[in-house]
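Colleague: One structure follows; several queries about it will come next.
The values are calculated or read from the model by the stated rules, or taken from the named source; none is laboratory data. From a predicted model like this one, the values you see are computed outputs, not experimental measurements. Cβ: placed from backbone, ideal geometry, glycine included. Neighbour counts: every protein chain shown. Side chains are part of the model used for accessible areas, which takes the heavy atoms of the whole protein and leaves out ligands, DNA and RNA. Shrake-Rupley method; radii C 1.70, N 1.55, O 1.52, S 1.80 Å.
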Amino acid sequence: MNNLRDLIEKYGSDKNRNEYTPIYHSILNPSRGKKVKLLEIGIGTLIPGVASSMVGYSGEGYKPGGSLRAFRDFLPQGEIYGGDVQPDCMFEEDRINTFLFDSTDSEACEAALGSLRFDIIIDDGLHIADAQMKTFKNLWHRLESGGYYFIEDIAEHNPLYSEWRSVFAEAACEKWTNEYKNILVFSKY
């Protein structure tokens, strides 16, 4: 399978439904033969009633880490990492490692990630503006020059939306919109 959409469908993720997959495909496709490191915050818990639970949103047979597996297969030379606050999301597979930590807590980020740096960071964690801003502040320094930082589920009605450009003045930002939700893509110089 060479198409990211097919891989997302195979492993189960809401990225196809939210129409984020074409954005990821176009930006990540040039990195397919490179040894990139990708970190995704939010692995997709199946614990009912907790924030960001995939219960009811995922297909039959879904298990946490669907998008991590899709990115692993799409980036055959890549090292894939995931972070989440829910213990049911923790697993290790070929070229996939996960960490149990809260990305809004700077000390927890440092303890979990050590000296790791990434070419791609995806925030698909808690979709609340304050949490997204804290995660960005805690992880931006870990992004390599030329890397991409994605924040999913940003809406213009988000109370902190107007602050994004001033808070992240050091980042080049391109806002992608679709009929469902918004995604912000930052590239680091």
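Colleague: Restricting the first residue to the stretch 1-23 and requiring it to be under 17 Å from Y62 (Cβ atoms) and open to solvent by less than 10 Å² (accessible area, probe 1.4 Å), which pairs with a second residue that is polar (S, T, N, Q) and not in a helix (DSSP H, G or I) meet a Cβ separation below 6 Å and a spacing of at least six or different chains?
Modeller: I8/N16
Colleague: Here's another thing I want to ask about it. Would you check if there is a residue in the stretch 176-186 being modelled with pLDDT of 80 or more, open to solvent by 40 Å² or more (accessible area, probe 1.4 Å), under 16 Å from the mean Cα position of the chain (by Cα) and more than 13 Å from I41 (Cβ to Cβ)?
Modeller: There is no residue in the stretch 176-186 that is modelled with pLDDT of 80 or more, open to solvent by 40 Å² or more (accessible area, probe 1.4 Å), under 16 Å from the mean Cα position of the chain (by Cα) and more than 13 Å from I41 (Cβ to Cβ).
Colleague: If you check I27 against the conditions, is it of a type in the set (V, I, T), closer than 24 Å to Q132 by Cα and open to solvent by less than 50 Å² (accessible area, probe 1.4 Å)? First the steps, then the outcome.
Modeller: On the way: of a type in the set (V, I, T): yes; closer than 24 Å to Q132 by Cα: yes; open to solvent by less than 50 Å² (accessible area, probe 1.4 Å): yes.
Criteria met by I27.
Okay, residues lined up against (1) more than 27 Å from P87 (Cβ to Cβ); (2) in a loop (DSSP other than H, G, I, E, B); (3) modelled with pLDDT of 90 or more:
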position	(1), (2), (3)
I23	yes, no, yes
P30	yes, no, yes
I43	no, yes, yes
G49	no, yes, no
V55	no, yes, no
K63	no, yes, no
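Colleague: Of everything in the stretch 80-102, what is surrounded by 17 or more Cβ atoms within 10 Å (Cβ to Cβ) and out of contact with any Phe, Trp or Tyr (no Cβ under 9 Å at 6 or more places or on another chain)? Give them in sequence order.
Modeller: Q86, C89, R95, F101, D102
Colleague: Which one of P87, P76 is touching a Leu at 6+ places or on another chain (Cβ under 9 Å) and of a type outside the set (V, I, T)?
Modeller: Details: P76 fails: touching a Leu at 6+ places or on another chain (Cβ under 9 Å).
Selected residue: P87, the only one of P87, P76 that is touching a Leu at 6+ places or on another chain (Cβ under 9 Å) and of a type outside the set (V, I, T).
Colleague: Of these, A108, A129, which one is open to solvent by less than 70 Å² (accessible area, probe 1.4 Å), touching a Leu at 6+ places or on another chain (Cβ under 8 Å) and of a type in the set (G, A, S)?
Modeller: Answer to the selection: A129.
Colleague: Continuing with the same structure: Filter the stretch 112-126 down to the residues that are out of contact with any Lys or Arg (no Cβ under 6 Å at 6 or more places or on another chain) and crowded, with 21+ Cβ neighbours inside 10 Å, then identify the one that is farthest from M54 (Cα to Cα). Working first, answer last.
Modeller: Kept after step one, since they are out of contact with any Lys or Arg (no Cβ under 6 Å at 6 or more places or on another chain), are these residues of the stretch 112-126: 112-116, 120-126.
If we keep only those that are crowded, with 21+ Cβ neighbours inside 10 Å as well, we get 120-125.
Numbers: I120: 23, I121: 21, I122: 17, D123: 16, D124: 12, G125: 12 Å.
The extreme case among them is I120.
Colleague: Sort out which residues of the stretch 30-52 are open to solvent by 50 Å² or more (accessible area, probe 1.4 Å) and touching a strand residue (DSSP E or B) at 6+ places or on another chain (Cβ under 9 Å), and write them in order of number.
Modeller: K34, K35, K37, S52
Colleague: How many of the residues in the stretch 65-83 are assigned to a helix (DSSP H, G or I), under 20 Å from P48 (Cα atoms) and either touching a strand residue (DSSP E or B) at 6+ places or on another chain (Cβ under 9 Å) or modelled with pLDDT of 95 or more (or both)? Steps first, please.
Modeller: Restricting attention to the stretch 65-83, the residues satisfying the condition of being assigned to a helix (DSSP H, G or I) are 66-74.
Then keep just the ones that are under 20 Å from P48 (Cα atoms); that gives 66-67.
Okay, now just the ones that are also either touching a strand residue (DSSP E or B) at 6+ places or on another chain (Cβ under 9 Å) or modelled with pLDDT of 95 or more (or both), so 67.
Here the count works out to 1.
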